[in-house]
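Below: one structure, written as structure tokens.
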Amino acid sequence: RGNEGFVWDRGELIRLGDLPGGKFESGAYGVSPDGRVVVGQGWVGTTIAAPFYWTRQTGMVQIDQIVAGKSASASAVSTGGRRILGTGRGEGRRQNVFLWDPVSGTRTLEYVLEEVYQHPLNGWTLSQSGDITPDGTVIVGRGTNPLGEREAFLVRIPPFCYADCDGDDDLTFFDFLCFQVRFVAGDSLYPDCDSDGERTLFDLLCFQNEFAAGCS
């Protein structure tokens, strides 16, 4: 039995456990500003480490690592777990920074900047995650600048659009259906719209408010 991540909550030590498969080993590397979501790394194979998030309600949940790479860990998380930041090592042993959210899943930060928000990197490569602000709009880390020098980076992105449940960049009636399905299924963090750790009628009202506010 190896190391195990834990949280200390009002005098209670809570063991986080480990992901299934591989050796028993987990580490907690970040916690959300509201204290509800813990992120880190666990092992799912002999040489494969995967990022995870943990809450009291969900337990430890593996984050999709197809994009993150065979050796990946989550290091920072915004309020309510709406965005999770981490570092992975993919093919060719190149490190990359990944960004996860409960709608779009795992994407490299380079892809999010260049393809989603049309912000060219102009020769930068982003290789090490640092931290993310509580609202998930500012990310810092380390990369390589166009001159080939290691340098810190800071990027700003729009807020996560919670109301776009189906991820098609268009708010429609289908987003309400999508939320209802996920609410009933109780999957992951997403149905807990008000981030209180429970699924209640207030989450449905919260989603209606998010939908009415639209996406910036």
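List of remarks:
- Net dipole in debye of segment 165-216 [+1 Lys, Arg Cβ; -1 Asp, Glu Cβ; about Cα centre; nearest 20]: 160
- Which of GLN208, PRO102, ALA72, positive extreme of dipole for the chain (C-beta unit charges): ALA72
- Accessible area per residue for segment 42-181, computed on protein heavy atoms with a 1.4 Å probe, is 48 Å².
- Carbon/sulfur fraction of accessible area - the chain, other protein chains in place, 1.4 Å, %: 52
- Per the Debye formula on identical point scatterers at the alpha carbon atoms of the chain, with no solvent, log10 I(q)/I(0) at q = 0.10, 0.12 Å⁻¹ is -0.45, -0.65.
- Dipole magnitude for the chain: computed about the Cα centre from +1 point charges on Lys and Arg Cβ and -1 point charges on Asp and Glu Cβ, it is near 980 debye.
- Rg over Rh, two decimals, segment 75-149 (C-alpha only, Kirkwood Rh): 0.96
The values are calculated or read from the model by the stated rules, or taken from the named source; none is laboratory data. Note that this is a predicted model, so its numbers are computed, not measured. No Cβ is skipped: glycine too gets one built from the backbone with ideal geometry, and neighbour counts run over all protein chains shown. What goes into the accessible areas is simple: the full protein's heavy atoms, side chains included, and nothing from ligands, DNA or RNA. Shrake-Rupley method; radii C 1.70, N 1.55, O 1.52, S 1.80 Å.
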